[in-house]
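Heads up: the structure comes next, in structure tokens.
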Amino acid sequence: MSTLKAKTKTASLSLLCALVALGCGAARGQSAKSVWVELGTQAGPIPNPTRSEPAHVLLWRDQPILVDVGDGAAEQLAKAHIPIDSIHAVFISHLHFDHTGGLFAFLGMRDQGGGPGRKLITIYGPPGTKAMVDGLRSAMQSGSALLPQKPSDYKVVELSDGSSVSVGDVKVTTVSNSHYLLWRGSGAQPVSLSYRFDLPDRSIVYTGDTGPSANVEKLAHGADLLVSEIMDADTALDELKRDRPGISKVTYNFVRDHFTKEHLTPNQAGLLAAHAGVRALVLTHFGGATGYPDQIARLTKVIGENFHGSIRFATDLDQF
Ligand SMILES: [Zn+2]
Ligand SMILES: [Zn+2]
């Protein structure tokens with residue numbers, strides 16, 4: 001067995017043990033610890049051979065919560081030994097395809113599984129989520145007709161800035177962020193959400209995709225763990241200039257503004273963590289070449305200029 005395979009097996013086994021322990025602990029009324037699992041750490045839209053697209057699971061007692069459902073989420077759940085049937089709550093940060101591309105497969109597989117744990121699933125997300133899920137369900141109709149049981153019931157709850165809901169004893173609060181700051185499409189500006197999960201043992205904030213945002217800073221105030229997106233804008237812009245030497249100034253400036261105002265540069269991620277006063281920071285949602293050891297060392301240094309707590313860069317299936 002290669003070192004990588006051995007590591008993966010150990011990680012999977014330890015996660016399984018954690019999941020079992022959470023359930024057992026809950027059943028016995030013992031204290032339990034929440035676990036945040038990074039299922040996918042790669043930003044879209046380009047598929048990556050070693051990283052799946054954005055998806056995460058918050059394991060708490062017997063109610064795992066799926067947070068974003070990027071392409072490959074169902075497979076990543078299987079690698080993490082988390083049964084699809086065990087998930088009854090899904091939170092979607094925004095409707096960009098890298099955060100929703102795995103939902104069709106996730107719902108379809110859940111329907112076909114039909115295990116004893118299968119029951120109503122509630123999908124939370126920004127305005128537009130109901131139309132998206134209804135459309136997916138409609139597209140499943142011909143396949144679902146062959147199923148021995150009815151497709152699982154589902155409910156969609158659309159959230160907006162300041163919404164708060166509870167999933168068991170987990171309080172979930174959301175704010176709108178700045179990911180669509182430069183919106184130039186037709187129709188109303190879409191909404192992108194960041195989430196705060198207040199659990200009995202700790203608080204976790206997930207930025208989703210965002211640029212610098214006072215709303216997110218306030219949401220993350222005092223959190224134990226901040227899971228933040230990151231955009232290595234300098235590297236990405238260098239790559240853009242290298243790969244498209246004839247790029248127009250207008251297009252270059254548009255991309256630069258998108259990277260630095262609708263995503264978080266390392267400096268901005270460090271400032272967010274510092275201003276919010278969080279205890280630990282995990283970076284995810286890597287674009288382009290992000291992930292090389294020398295690059296991570298450089299980015300960690302930049303973030304550390306502002307934020308002095310724990311800084312970790314996630315890889316797929318990492319647990320925090
Ligand atoms: Zn994204
Ligand atoms: Zn996005």
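The values are calculated or read from the model by the stated rules, or taken from the named source; none is laboratory data. Everything numeric in this text was worked out from a predicted model, so none of it was measured. Note that each Cβ is placed from the backbone with ideal geometry, even for glycine, and that neighbours are counted across all protein chains shown.
Please go through the stretch 177-210 and pick out each residue that is within 16 Å of ligand 2 (Cβ to nearest atom) and at positive phi.
As a first pass, look at the stretch 177-210 and keep what is within 16 Å of ligand 2 (Cβ to nearest atom): 177-185, 189-195, 206-210.
Correct list: GLY208 only.
Quick one: is VAL67 closer than 20 Å to SER34 by Cβ, away from ligand 2 (no atom under 16 Å from the Cβ), β-branched (Val, Ile, Thr) and surrounded by 23 or more Cβ atoms within 10 Å (Cβ to Cβ)? Working first, answer last.
On the way: closer than 20 Å to SER34 by Cβ: yes; away from ligand 2 (no atom under 16 Å from the Cβ): no; β-branched (Val, Ile, Thr): yes; surrounded by 23 or more Cβ atoms within 10 Å (Cβ to Cβ): yes.
Taking the combined requirement at face value, the residue does not satisfy it.
Can you name the number of the only condition in (1) within 24 Å of ASN177 (Cβ to Cβ); (2) in contact (Cβ under 8 Å) with a residue 24 or more places away in the chain that THR315 fails?
(1) is the only condition that THR315 fails.
Quick one: GLN319 ticks every box in (1) in contact with a strand residue (DSSP E or B) (Cβ under 7 Å, 6 or more places away or on another chain); (2) buried (at least 16 other Cβ atoms within 10 Å of the Cβ) except a single one, so which number is it?
Going through the list (1) in contact with a strand residue (DSSP E or B) (Cβ under 7 Å, 6 or more places away or on another chain); (2) buried (at least 16 other Cβ atoms within 10 Å of the Cβ), GLN319 breaks only (2).
Can you give me the ranges of the strands (runs of 3 or more DSSP E) entirely in the stretch 155-218 with at least 2 residues that are under 18 Å from the mean Cα position of the chain (by Cα), buried (at least 17 other Cβ atoms within 10 Å of the Cβ) and hydrophobic (A, V, I, L, M, F, W, C)? Quick ask: steps written out before the conclusion?
Numbers: elements: 164-167, 170-176, 193-198, 203-206.
Correct list: 170-176, 193-198, 203-206.
Which condition number does ALA27 fail, the rest of (1) modelled with pLDDT of 90 or more; (2) more than 27 Å from SER192 (Cα to Cα) being met?
Here ALA27 meets the rest and fails (1).
Tell me, which helices (runs of 4 or more DSSP H) wholly within the stretch 58-122 include 2 or more residues that are under 13 Å from the mean Cα position of the chain (by Cα) and within 15 Å of ASP316 (Cβ to Cβ)? Don't jump to the end; show me each part of the working.
Numbers: elements: 73-79, 97-100, 103-113.
Hits in the stretch 58-122: 73-79.
With the condition kept exactly as written, say whether any residue in the stretch 250-271 is loosely packed, with under 14 Cβ neighbours inside 10 Å, more than 16 Å from ligand 1 (Cβ to nearest atom) and part of a loop (DSSP other than H, G, I, E, B).
Within the stretch 250-271 (the criterion being loosely packed, with under 14 Cβ neighbours inside 10 Å, more than 16 Å from ligand 1 (Cβ to nearest atom) and part of a loop (DSSP other than H, G, I, E, B)), the answer is no, since none of the residues qualifies.
Which one of these does ILE87 not meet: (1) within 16 Å of ligand 2 (Cβ to nearest atom); (2) at pLDDT 90 or above; (3) hydrophobic (A, V, I, L, M, F, W, C)?
ILE87 satisfies all of (1) within 16 Å of ligand 2 (Cβ to nearest atom); (2) at pLDDT 90 or above; (3) hydrophobic (A, V, I, L, M, F, W, C) except (1).
With the structure loaded, tell me whether ALA80 is within 14 Å of ligand 1 (Cβ to nearest atom) and touching a helix residue (DSSP H, G or I) at 6+ places or on another chain (Cβ under 8 Å) or whether it fails that test. Step through it out loud before you land on a result.
Details: within 14 Å of ligand 1 (Cβ to nearest atom): no; touching a helix residue (DSSP H, G or I) at 6+ places or on another chain (Cβ under 8 Å): yes.
No, not satisfied.
For (1) acidic (Asp, Glu); (2) at pLDDT 95 or above; (3) closer than 18 Å to GLN63 by Cα; (4) within 16 Å of ligand 1 (Cβ to nearest atom), each residue gets a yes or a no:
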residue	(1), (2), (3), (4)
ASP153	yes, no, yes, no
VAL165	no, yes, yes, no
HIS179	no, yes, no, yes
ARG184	no, no, no, no
ARG196	no, yes, yes, no
PRO200	no, yes, yes, no
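Restricting attention to the stretch 221-249, which residues are among the β-branched types (Val, Ile, Thr), in contact (Cβ under 8 Å) with a residue 24 or more places away in the chain and not in a helix (DSSP H, G or I)? Even if it seems obvious, please write down each step before you answer.
Going residue by residue through the stretch 221-249, those that are among the β-branched types (Val, Ile, Thr) are 227, 230, 235, 247.
Now drop any that are not in contact (Cβ under 8 Å) with a residue 24 or more places away in the chain, which leaves 227, 230, 235.
Residues satisfying the conditions are VAL227, ILE230.
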